[in-house]
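The values are calculated or read from the model by the stated rules, or taken from the named source; none is laboratory data. Because the structure is a prediction, the values reported are computed rather than measured. Cβ atoms come from the backbone with ideal geometry, glycine included; neighbour counts cover every protein chain shown. Accessible surface is based on the protein model in full, side chains and every heavy atom, while ligands, DNA and RNA are left aside. Shrake-Rupley method; radii C 1.70, N 1.55, O 1.52, S 1.80 Å.
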Amino acid sequence: MLRIAICDDDSKFTGELETLVIEESRKLGIRAETEVFSDGKTLLKSIQGGEHYELIFIDIEMEQVDGITAARKIREINRTVLLIYVSGYDKYLQELFEVEPFRYLSKPLDHEKFARYFRDSYNRINETAVFYQFTFNKEIKKVPVKDIVYFESNNRIVNIHFKDGTYEYFYGKLNNVEKELAASRQYFLRIHQSFLVNYDYVKKMNFFNMTISFMNKELDLKISEDRQKEVRQQLCMIAGGKAVIE
């Protein structure tokens, strides 16, 4: 799950920004959770209370605690969070350097620039790989979630198929794997009792089968009858209703 904070005292603007975040998240096929704050004081209180965000959109001019003051205090707690400043004024640009902003957006928003910066942010965050951990022969292993194409279960053996064509396996239940990945940044679709598929590798699907693509080849996996409706609904939600369904 990609956790994003939006901090601005203009409620109309935060609504617009939140809508754009949701739209771009769907295009990228990632899970994103947004939390909106009306001033820097409440955002800072949330972070000081233990909340963690990977990306923060923050206005500069706000009452109580302005964006730059809030950012200075946030940097004392979290050095890695990406900060994107949003403002109608350019006079603060020099001060921004000390709080290491990732990008700067002017008001009113340029939607094309926003989409580009959002993708840049996701790519930067994703450089720090999220791992799936499992145990085999009393040895703990960690593999990058983004490299997993799908999980396949067979008689309590779970096979992990990777994008380079290799695989590893461990003893366990696919139900448990599904629960463990529920909060990850990647979407995984449970299309069958035996298959859990990474959305990033889905090329197309019809009512009965899903086609995944990796290693310059395609593989058709069966969608069980009892999961067909749910899978189609999930895929439409993730893709924003776009044509991945035949």
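Where (i) 61, 44, 30; (ii) 57, 45, 32; (iii) 50, 43, 39 are the candidate values, the label of the one calculated here for Cα extents along the principal axes in Å is (i). In the context of the full set of protein chains, the chain has a per residue accessible area of 54 Å² (1.4 Å probe). In this structure, the pairs whose alpha-carbon distance is over 30 Å, taken from Lys138/Lys204; Lys41/Lys107; Lys27/Lys142; Lys41/Lys146; Lys141/Lys217, are Lys138/Lys204; Lys41/Lys146. Within the accessible surface of the stretch 1-158, defined with a 1.4 Å probe on protein heavy atoms only, the carbon and sulfur portion equals 45 percent.
What FRET efficiency comes out for the pair Lys204/Glu178, r = Cβ-Cβ distance, R0 = 30 Å, nearest 0.05?
Details: r = 23 Å, r/R0 = 0.75.
So, using R0 = 30 Å, E works out to roughly 0.85.
Shown for the chain are the DSSP H helices of 24 Å or more along their axis, judged by Cα atoms, with a mean Kyte-Doolittle hydropathy of at least -0.5: 11-28. Amide hydrogen proximity for Lys204: with H placed 1.01 Å from N in the peptide plane, the residues at 5 or more positions away or on another chain lying under 5 Å are Thr211. Remark: the stretch 211-221, residue by residue, has Karplus-estimated 3J(HN,Hα) of 9, 10, 10, 6, 6, 6, 9, 10, 9, 9, 10 Hz, where x stands for each Gly or Pro and the curve is 6.51 cos²θ - 1.76 cosθ + 1.60 at θ = phi - 60°. At an R0 of 51 angstrom, the distance between the Cβ atoms of Thr42 and Ser213 translates into a FRET efficiency of 0.70.
Which FRET efficiency, nearest 0.05, do Leu105 and Val130 yield, Cβ-Cβ r, R0 25 Å? Show your work: numbers first, answer last.
On the way: r = 26 Å, r/R0 = 1.06.
Calculated value: 0.40.
The figure for Cys236 is an accessible area of roughly 60 square angstrom, using a 1.4 Å probe on the protein chains alone.
Give me the net charge for the shell around Lys173: Cβ to Cβ below 11 angstrom, other residues only, Lys and Arg +1, Asp and Glu -1. It would help to have the intermediate numbers written out before the result.
Working: positive: Arg156, Lys179; negative: Glu178, Glu180.
Local net charge: 0.
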